[in-house]
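For reference, the structure is listed below as structure tokens.
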Amino acid sequence: MRLLIMGPQGVGKGTQAALLAAHYDIPAISTGDIFRYNIKNKTPLGLEALSYTDKGELVPDELTNSIVKDRLGQDDAVDGWILDGYPRNAAQVAALDAMLAELGQKLDAVVALEAPHDVLLERMAKRAQEQGRSDDTPEVIAKRLETYAKETAPLLDIYRERGLLVAVDGVGEIDEISDTIIAKLDATVKAR
């Protein structure tokens with residue numbers, strides 16, 4: 001099973017990605033984790049990423065694409081994966097399409113978790129409090145949600161047109177949401 005998990009910050013992507021990974025016995029791949037791993041281990045890609053992040057700059061798409069491609073090519077990802085945090089824009093969608101073609105793989109589905117704006121704000125404020133995350137201020141949270149709505153949410157239409165989108169309400173009990181995702185995925189993938 002090869003999946004993308006998408007949705008705004010605070011919707012529970014990381015939590016659901018971990019549960020889906022365990023259920024389908026595939027790795028959950030977070031682009032943030034990939035960056036941290038490469039930077040920590042001083043890989044060539046990590047050092048290149050560090051040259052941008054040290055200056056407070058965003059890592060360019062080309063480098064992000066290279067890091068994702070490298071990760072998807074690793075042995076544990078041969079039979080499937082869940083990507084969390086990628087793609088984030090239309091150029092990355094095209095890059096992912098090219099990667100999959102090169103690897104001889106296809107995307108099975110795109111899980112889109114949805115939640116009302118006020119729920120997302122409440123969850124992120126709670127996370128900031130519990131985890132002591134100084135980067136989760138109300139202003140930063142609002143900016144992240146605005147960026148998601150402008151740049152990433154439109155990608156859902158691309159995947160909807162391809163017949164890959166599986167939309168799920170991200171509000172409720174974690175296990176119930178996970179069960180709903182799995183039921184929808186199994187029905188969608190088997191229907192093809």
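The values are calculated or read from the model by the stated rules, or taken from the named source; none is laboratory data. Owing to the predicted nature of the structure, the values given are computational and were not obtained by experimental measurement. Cβ atoms come from the backbone with ideal geometry, glycine included; neighbour counts cover every protein chain shown.
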In the range 49-71, what residues are exposed (fewer than 15 other Cβ atoms within 10 Å of the Cβ), of a type outside the set (Asp, Glu) and modelled with pLDDT under 85?
52, 53, 55, 56, 58
Filtered residues of the range 1-48 (kept if at pLDDT 95 or above and on the phi > 0 side of the Ramachandran plot):
25
Step by step: first the residues of the range 1-20, then only those that are touching a strand residue (DSSP E or B) at 6+ places or on another chain (Cβ under 7 Å) and either surrounded by fewer than 20 Cβ atoms within 10 Å (Cβ to Cβ) or not hydrophobic (A, V, I, L, M, F, W, C) (or both), then the one that is nearest to residue 83 (Cα to Cα). Which residue is that?
2
Pull out all pairs, ordered by first then second residue, where Cβ-Cβ is under 9 Å, the residues are six or more apart or on different chains, the first lies in the range 121-132 and is within 11 Å of residue 9 (Cα to Cα) and in contact (Cβ under 8 Å) with a residue 40 or more places away in the chain, and the second is small (Gly, Ala, Ser) and part of a helix (DSSP H, G or I).
121/142
Does the range 176-191 contain any residue that is of a type in the set (S, T, N, Q), part of a loop (DSSP other than H, G, I, E, B) and more than 17 Å from residue 84 (Cα to Cα)?
no
Here is a check on your reading of the model: is residue 29 touching a residue at least 12 places away in the same chain (Cβ under 8 Å), outside any helix (DSSP H, G or I) and under 21 Å from residue 8 (Cα atoms)?
yes
